[in-house]
Every structure is written in C-alpha cells, then in structure tokens.
Amino acid sequence: MSIILNIETATKNCSVSIADKGKILAIKELNNGNYSHAEVLHPFIVDILREANITSDLIDAVAVSKGPGSYTGLRIGVSAAKGLCFAFDKPLISLDTLTSLSHSIAIDNGFIVPMIDARRMEVYAAVFNQKNQFIREIKADIIDESSFSEYLKIGKVYFLGDGSQKCKETILHENAIFVDDKFPSAREMAQLSYDKFKISDMENVAYFEPFYLKDFVVIPEKKKKPTF
C-alpha cells in the first residue's frame, strides 16, 4: 500500500483526497465562491479518513498543492500539511498547482493553458502540450488581445481555471477554447503525488514554503480626510 493524503487549497476550491497507489479512496471538496479553507479543511481531512477507514498511522505521505495561487489559501494548506507531517512523522510531497489543473482535461492535439486568477487582468498561467508536459514556464501574465497568440496561430488552445473566465472577452481568436468549471483539485493530485512518492521526490518539511510567484502585497486603505 502507498496511501497519500492530498491537500489542495490554492484557489477557492478546498479539496482533500486520500488515495492508495494513485487510486482515490475518498474525496471531499467545497467551492462556494469564498475562501472557507480555515473552517472546512481539517473537518474534511477527518471525514475522508473516516470514510476510507484509514487511520493516521497508515498514511505513507502527505501531498500539498504548492502554488501559485491565493496567498492565504496556500498558507493554510501548507501549514496543515506540514503540521500533519511533523505530528505523524510522514514525508511531504509538493505538487505544482497548474500542473495538477492541466490534468483535469484530456486533449488529442493543441495546448492546455491552466490559469489561476490574480488581480485585475492578471493571471498565473503556464502552457502544456497534450501530454501535460511544460511548453512554457509559469508566469504572471497580464491579458490582452495578443496573449498566447504564438500558440493560437498553431492550433487549438484550451484555457481553463478560474483565471480563464475573465479572458473570454479579450482573447477572441477562433482557436481559443474556454473550458468552464475547472479548478485545481485533490482528484488530479492523487496520481501525481503517487508518481513522486515512487521516486522519493520529497520536500524538507522544516524549510518548505509555498510557491507564491509574486510577493504578497498589502494595499493600505485610503486615509479619510478629517472633517471639521
């Protein structure tokens, strides 16, 4: 047995799965439009372990989505994963969020562009081929009419993730296909984490940090003018 607990909190989809050799035994997720991870993540973990009849001592590793994504969501997921690893002396596996998201669809030809919403017209995105191999590294892209034109000229480009929704009115090329209702999920993490487990691709639990891509910036509130 190779039982791995998978945790995905990079976006508004809070998702947890338990899998044995890449096959899901139980999964629970919630995407209600809010970041409710702090309230539901730990209850979800308890629920799926109970549903799968798995005790903590039977878990072989904990896998977490490392980003990019929501700063707060990533902190919650990574903190929970590291806490479980320390408490039960288990190894930690990290998975790139956009790679996991790219595995949520299957195509025969063309390109897959998973996108995670950032601010305004900015997204975190990467480009994969039909075999889910990186064609272009992860970047923070500001979307305009020419975005991803070098790939759209070649063939179909499948945009997915919560960042793709705000691109529909800007990327108008005939080869652009927008796939709705796809979010990073612990479902796709199951096989990917097992693949890493088999080759002992683990993180240093003490020093591991999420992949934010960009620094977290706090926007100060505007000071109100004094009234006399």
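The values are calculated or read from the model by the stated rules, or taken from the named source; none is laboratory data. Fair warning: this is a prediction, and the values are worked out from it, not measured in the lab. All Cβ positions, even for glycine, are placed from backbone atoms using ideal geometry, and neighbour counts span all protein chains on display.
A few comments on the model shown:
- Residue, nearest to the chain's Cα centre (by Cα), within the range 1-25, restricted to residues that are under 14 Å from Gln191 (Cβ atoms) and of a type in the set (Lys, Arg): Lys23
- Complete set of residues in the range 115-151 that are among the polar types (S, T, N, Q) and either closer than 15 Å to Val179 by Cβ or not assigned by TED's automatic domain parsing to the domain that holds Cys167 (or both): Gln130, Asn132
- Note on the range 148-187: residues that are more than 30 Å from Ile48 (Cβ to Cβ) and part of a loop (DSSP other than H, G, I, E, B) amount to 13.
- Residue list for the range 70-85, restricted to those being under 21 Å from Gly161 (Cα atoms), touching a helix residue (DSSP H, G or I) at 6+ places or on another chain (Cβ under 8 Å) and among the hydrophobic types (A, V, I, L, M, F, W, C): Ile76
- Within the range 44-55, the set of residues being in contact with a strand residue (DSSP E or B) (Cβ under 9 Å, 6 or more places away or on another chain) and surrounded by fewer than 16 Cβ atoms within 10 Å (Cβ to Cβ) comprises Asp47, Arg50, Glu51, Asn53.
- One residue stands out in the range 144-173 among those that are closer than 21 Å to His103 by Cβ and of a type in the set (A, V, I, L, M, F, W, C): the one that is surrounded by the most Cβ atoms within 10 Å (Cβ to Cβ), namely Phe159.
- Residue match in the range 41-63 (condition: charged (D, E, K, R), modelled with pLDDT of 95 or more, touching a Lys or Arg at 6+ places or on another chain (Cβ under 7 Å) and part of a helix (DSSP H, G or I)): yes
- Selection status of Gly22, touching a helix residue (DSSP H, G or I) at 6+ places or on another chain (Cβ under 7 Å) and surrounded by 24 or more Cβ atoms within 10 Å (Cβ to Cβ): no
- Single condition Ile54 does not satisfy, out of (1) closer than 21 Å to Phe211 by Cα; (2) among the aliphatic types (A, V, I, L, M); (3) touching a residue at least 40 places away in the same chain (Cβ under 8 Å): (1)
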